[in-house]
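The values are calculated or read from the model by the stated rules, or taken from the named source; none is laboratory data. Computed from a prediction, not measured in an experiment: that's the story for all the values here. We place every Cβ from the backbone using ideal geometry, glycine too, and count neighbours over all the protein chains shown. What goes into the accessible areas is simple: the full protein's heavy atoms, side chains included, and nothing from ligands, DNA or RNA. Shrake-Rupley method; radii C 1.70, N 1.55, O 1.52, S 1.80 Å.
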Amino acid sequence: QIEFHARIQQTETMASDGNVRKLMKKLKRMERDPNNRNSLDQIYYAMGNIHLLRGDTATALVLYNEGVEKSVKPSPEKGILLLTMANLYWDMADYASASECYSQAVGMISNGHKEYQTVKLRSEVLEDLVGCTETVQLQDSLQWLSTLPDDQLNAIIDQVIEDYREKERLEEERRIQEAKEAEKRGAQSEMSIEDNRESKSGWYFYNPKIVETGRKEFARQWGERKLEDDWRRSNKTMLASITPNSEPVPGAEGLLSDSLALLADSIIVTELETDPYKREYYIQQIPFTDEDKDKSDKLISAALLEQGIIYKDRLNEYPSAEKSLMRVISDYPQSQEADKAMYNLY
């Protein structure tokens, strides 16, 4: 253990010298060593840090994500890895990714950590904030889609369907792998549970050790979750159903794939078509009529106001709050949210 941590620290201190290839080779050898199979998160953390020190945030995040995927159990080290990722996503305003990382990190780092209170606050607030940002992103993109010619619109939707199909395939592979691993862990834990039951009462909740093991296993898979309905869903925002020409929304082009993927993942559709593998599933969400565009505008203005208030009152992020509230006033001056936006700006 001492040697392992010394090597990790060595690569981090040597990263500034510039010999990245040599350092990465060292870490790759450590990754292949069977003795380090329980410490892969730390190895990938070190790899990511090397690239982060050199200003390559994108590669660092790829390596950090690999470290999270390959880590075998919750630990303070994995918590630090998740915290580093969360802070990067936060700085990039990728609040959905940040929320996921913070919610897992808060259960792994100690409450004595210097950033614990910040992590706890952001973890609690981001779920509400993410619901707002996703609503704005989705509705902006849907309004932009309503202006496209049919052939271009269908091409975009077909690509999203293909991406969704691939995502489902990978998810199924992951579930099968997790089931196999859970079966192995179950066989091992059954033996220890039986041993514990011989010395203590037979009911699960009378054995604190087993309960704590179960709590950690839950946190490993789901992160820290509140005790509430629909706790499995990371995004509980339900958008109003919109039926299928209005003005384009500037800047929406880059959000199309993410927004349509969001439709496939998390929106409950109340129209006839509910199959995310069909074009109609997406087309029925696009606001083609003036009436539907008005409904979409109301969703955006309400979400922007709530988003601005969260930034202002719960996170003290005043520039971000100002940006959200100013858009309500400039884009939706006749909305019922405009007066509240001006009050909060004041």
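Of note:
- Enumeration of residues in the stretch 53-109 that are over 12 Å from the mean Cα position of the chain (by Cα), open to solvent by 50 Å² or more (accessible area, probe 1.4 Å) and of a type in the set (D, E, K, R): Arg54, Asp56, Glu66, Glu69, Lys70, Lys73, Glu77, Asp91
Yes/no matrix, rows are residues, columns are (1) touching a Pro at 6+ places or on another chain (Cβ under 9 Å); (2) open to solvent by 90 Å² or more (accessible area, probe 1.4 Å); (3) not in a helix (DSSP H, G or I):
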| position | (1), (2), (3) |
| --- | --- |
| Gln285 | yes, no, yes |
| Leu305 | no, no, no |
| Gly308 | no, no, no |
| Pro319 | no, yes, no |
| Leu325 | no, no, no |
| Val328 | no, no, no |
| Asp339 | no, yes, no |
| Met342 | no, yes, no |
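Residues are listed down the side, and each one gets a yes or a no for (1) at pLDDT below 90; (2) more than 30 Å from Ile300 (Cβ to Cβ); (3) not in a helix (DSSP H, G or I):
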site: Pro74; (1), (2), (3): yes, yes, yes
site: Leu88; (1), (2), (3): no, no, no
site: Ala93; (1), (2), (3): yes, no, yes
site: Ala98; (1), (2), (3): no, no, no
site: Ser103; (1), (2), (3): yes, no, no
site: His113; (1), (2), (3): yes, yes, yes
site: Ser123; (1), (2), (3): yes, no, no
site: Leu129; (1), (2), (3): no, no, no
site: Cys132; (1), (2), (3): no, no, no
